[in-house]
Structures are given as structure tokens and as C-alpha cells.
Amino acid sequence: MADLDYKVIVGLEIHVHLATKTKIFCGCELAYGDTANTHVCPVCLGMPGSLPVMNKTALEYSILTGLALNCEIAKFTKWDRKSYYYPDLPKNYQISQYDLPFSEHGYIEIPLESGETKKIRILRAHLEEDAGKNTHTLGNFSAIDLNRAGTPLLEIVTEPDMNSAEEVGALARELQRIVRYLGVSEGDMQKGHMRFEPNINLHITKNGEVFKTPISEVKNLNSFRAVERSVAYEVRRQLAAFEETGVTMQMGNKATYGWDDDKQMTVLQREKEEAHDYRYFPDPDLVPVDIDDAWLGEIKGRLCELPIQMQVRFAKEYGLSDYDAGVLTADRATAEFFDGTVKLGADAKRVCNLLTQTGLKLANEKGVSVDQLRISMENLAKLAKMADGGDVSASAATTIFEEMAENGGDPAQIAEAKNLVQKSDAGEIEALVDAVLAENAKAVEDAKNNPKKGKKAMGFLMGQVMQKSKGQANPKIVSQLLNQKLNV
Ligand code: ZN
Ligand code: MN
């Protein structure tokens, strides 16, 4: 259909496990991968008569994230029961927040391919408890592990401001970077620390009229790839469904889908339930929370510069490519180590090259972050300055970096000890140049007067000088002297 145009509309719901020591309403330890049902107590088992107590750190982590997402933080917030029956939820209700979430109306800035950023509005963020985990690997029986029940879960809901699968992926990754920078979650996808649920539909313009396709919510996606692919798949499916049957929002309701990773397609699960189906009501076992200015101010003090802000700043102020800026800001330790080194007066591009080409690889091999290699910011700055000043060659700088990473030490001393100091003394180099010129009359002649062989002859003479200096002459100065003496 030539006269058909469409816009992709996606909102996202994200659940993030918070990295507190204990569960949200009891003292059970949060432990991933332990023997089933070894971190449970009457509260998280939902025993009658047991009483929940709020984990203050869980709320503080949530507020900190809310602040980083530019949300308004409520002065008063409370807990509600969301009723539903499922074997992994022994109480038959989930403690959540309904009409008075702790934060609302923020935005998250995401990086786009173009190097620009885009603001995606946040509708709300609230805190709730996670359920246990059902497994279905015992033949006719299912097993339930309640170690996870009661894990603090931060739910973040965006407005439908994303317009492509790529933007959805970018938001998911940006949120992971934010929670890791803040230290409120490990954001480990493999451990289910982040789960995504995109709401997708299309606004189709056909013959000047706009049609909206029914919204699909894809549940429980736990990888960036699955998020992006399920959105892309839904776009194709909804477009085909509209072209075939003309189905629109008025005719179809919002429906819930799962993602089949083997078949790479979404699978219809059920029609969407409404809020009233959950019979929300205030939890009488938990006191509401007053968030006063002093407490909020104290939490604000824990905010750090956000990754996207650092990335933009590195590109703008330090002249790095967006790619390099992205690599350096992937984790907070690397970003701050880089930034701190540059602030000591080292050249940003030089430090970036040393860190991204050598440092990250070494750190990765050792399973540590870059700042945990045995190199201080001071010594890295010093090394960068030595390389820029021609005291050591670029390849020598790499060698020195590797030595420092392994055994620590001062770059100047290492350069000395390993005979890596470049000779930049013009007088000393001039003597070598003169000797080489005297010994190679033919090459000198070609360099001066033979336009065909001149370049090659020049390279030969250069090589001879470097050889005579045992590779220690500063090539810049050698080249300058040769040009000068040969008048080319
Ligand atoms: Zn417990
Ligand atoms: Mn939820």
C-alpha cells in the first residue's frame, strides 16, 4: 500500500532488583543461586500473623534512582496490596504502591545513534516486592523457590515516547548504566535483575486518516536483544494484521504476549486485566512513609554525575568521538578514572587511547576495573605527558602502561630502566644524521634530486638514523633534521 505511513509508539515498564543486603519487608538475606527455600521466614512465606517491616535502604535506593530520573519525590507515600493468586505468591497479594507512588513525572535521557540525546518521560516509579520463582522441571510436578520472594523491586513506567526498537534498547541500556552508577542494583541481566515489558502499537495513516492498532504488552523480557527483537516483531505483526483485517484499537483490546526466543516471535497469552481486577487497597500492616526535606536532602547528596552527562561532556569538552566517550562511560569506575587523569593536565585523547586500547583489556583479563590496576591517576597523567612530549614513543608508552598495570611504579623510572627514553637532544641526533648522510651519498642524491625515488630514499635515511640510535631517537626530530639538511 503506497499511501500508508506509520509511526511506532512504545512505552516501557521496567522492574529492577535492588541490591540491598536483605529483603524489603523481612530480614532474610538476598542470595542469588542458593539452595531453594533457604532464605525464608514467616514474613516472606506469608504465614498468618507475621508482620512486615519496611527496609529503609530499599526506599532510599529507590528515591535515589527517582532523583536520577528527574522525578518529583512525594512527601508522603504508602503501601498497597495488589491481590492475585499464584503459587509463587504465598500471601495471595503483592505489597506494592498504587495511587501514591514515591515518585512521578520525570524523564530519562537516552543516547541516539546520531550522537544526540532524547528525553523519554517517566510516568512514575514505585517500590514493591518480587514474588518467588516457579520451576517446571520435575515432570508432573512444579517446584517453588521462595528465596526471591520479597526482593525489593523498583518498577519504572515510561510514557509511550519511544518510536523504534532501537530507542527501546537504548533506554534499557541507559537505565542499566544509571542503576550501576548509583550502585542501587548490579543490573545483571543473567540473574534477572532487570526485566522489561514494552507496550507497543502503531499509529497508521492511510488515505489521510489515522488508525491506531491494539496495544500489545510483551511480558518479562530479560535481555536487551529480546526487548529489541520483540518490539521489531510486533511492529511487523501489527502492520500485517492491519493490512489484512483492518483491526484497530476500537475493535481489539490491549493484550498480553510472551516472547518465544526459539521461534523469535511473540505469543498471545491473555487479554489484559484492568487495575480493578487486582482489588488494590492500603496495606493495614505497614505504616505510610513521610519523606521529609532533611532525609531527601541527605539522599540527594549521594547523587553522582549521570553516565549520559559524562558521555556528552567527554565528547564536547575533551573532543572525543561519541564512540570513545561511550566506551569510557560504560562503567562509573572507568569514567571517573579517565576524567580524574585528564583533570591532572593529561591530553584526553592520549589517555583515552591508553585506557581503551590497553587498560580495559588488561582489566578485563584480571577481572577488575581499570582503577584497580596498579596505576594511579597521577602516574597515568605523567605517562601521557611523556608520550605527548616525545620522551617516549607511543609503543613505548604502551609497554610502560603494561608494566605499571602489573607492578605499579613511576613511568619515568620504568622508561629509564627499560631503555625506552627517546632521545630528543637535537645536538646528539644531529651527529647521527650527519654520519648517515656521509655514508649514503646515493640515497642523499635521490632524496634531493630524484622525484621518483625521493620519498623512498628519505625513508631509507630515516631508518638508518633510527637504527644508529638503537631506536631511541625521537623520530619527529630526526625527520625535521633530515628535511632541513637535505633542503626538501
Ligand atoms: Zn523472610
Ligand atoms: Mn510490578
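Solvent-accessible surface (1.4 Å probe) assigned to Asp322 amounts to roughly 60 Å². Excluding ligands, DNA and RNA, the accessible surface per residue across the stretch 307-417 is 45 Å² with a 1.4 Å probe.
Distance between the pseudo-spin-label points of Ser50 and Lys476 (7 Å out from Cα toward the beta carbon): 6.9 nm.
What whole-number value in Å² describes the accessible area per residue of the stretch 5-296 for a 1.4 Å probe? All intermediate terms of the calculation are to be shown ahead of the outcome.
Working: 13880 Å² over 292 residues.
Computed with neighbouring chains in place, this is 48 Å² per residue.
Which whole number in µm²/s is D for the chain by Stokes-Einstein, with the Kirkwood Rh taken over Cα pairs at 20 °C and 1.002 mPa s? The partial results should precede the final answer.
On the way: Rh = 27.1 Å.
The estimated diffusion coefficient comes to 79 µm²/s.
Label sites at Glu445 and Phe460, each approximated as a point 7 angstrom past Cα along Cα to Cβ, lie 1.1 nm apart.
To the nearest 20 debye, what is the magnitude of the charge dipole of the chain about its Cα centre, counting +1 on the Cβ of each Lys and Arg and -1 on the Cβ of each Asp and Glu? Rounded to the nearest 20 debye, it is 1340 debye. Once the Cα atoms are used to define both axes, helix 332-342 deviates from the longest principal axis of the chain by about 30 degrees. Using a simple spin-label model with pseudo-atoms 7 Å out from Cα toward Cβ, Gln190 and Tyr32 lie 0.9 nm apart. Extension gain for Glu166-Lys300 works out to 45.1 nm (0.36 nm per residue, less the C-alpha to C-alpha distance).
For the stretch 124-206, the square roots a ≥ b ≥ c of the C-alpha gyration tensor eigenvalues yield an a/c of 1.5 or more together with a/b not exceeding b/c, which makes the shape oblate.
Count of lysine pairs in the stretch 307-417 with Cα atoms under 14 Å apart, counting only pairs 8 or more residues apart in sequence or on different chains? Kindly include the intermediate steps, with their values, before the conclusion.
On the way: Lys316/Lys349; Lys343/Lys382; Lys343/Lys385; Lys349/Lys385.
Qualifying lysine pairs in the stretch 307-417: 4.
A 1.4 Å probe over all protein chains sorts His203, His136, His15 by accessible area into His136, His203, His15, starting with the largest. Accessible surface area normalised per residue over the stretch 426-486 is 60 Å², counting heavy atoms of protein chains with a 1.4 Å rolling probe. Based on DSSP H segments of at least four residues, each scored -39500 (n - 2.57), the chain has a per-residue ellipticity at 222 nm of -12000 deg cm²/dmol. Looking only at the stretch 453-476, which residues have a backbone nitrogen under 11 Å from a spot 7 Å from the Cα of Asn483 in the C-beta direction? The answer is 476, whose backbone nitrogens lie closer than 11 Å to the label point. Between Ser83 and Asp388, the contour length at 0.36 nm per residue exceeds the alpha carbon distance by 103.3 nm. What a 1.4 Å probe finds exposed on the chain is 50% carbon and sulfur by accessible area, rounded to a whole percent. The gain in end-to-end length when the Gln372 to Asn70 segment is fully stretched comes to 105.6 nm, 0.36 nm per residue minus the alpha carbon separation.
Please identify the longest segment of the chain free of exposed trypsin sites (Lys or Arg not before Pro), where exposed means a DSSP state other than H, G, I, E or B and no more than 15 other Cβ atoms within 10 Å. Don't skip to the end; give the middle numbers.
Details: sites that count: Lys21, Lys75, Lys254, Lys263, Lys272, Arg279, Arg302, Lys343, Arg374, Lys418, Lys452, Lys453, Lys470.
Formally, the longest exposed-site-free interval is 76-253.
The values are calculated or read from the model by the stated rules, or taken from the named source; none is laboratory data. Quick caveat, the model's predicted, so the values are computed rather than measured. Backbone-built Cβ (ideal geometry, glycine too); neighbour counts: all protein chains shown. Heads up: the accessible areas ignore ligands, DNA and RNA and are worked out on the full protein's heavy atoms, side chains in. Shrake-Rupley method; radii C 1.70, N 1.55, O 1.52, S 1.80 Å.
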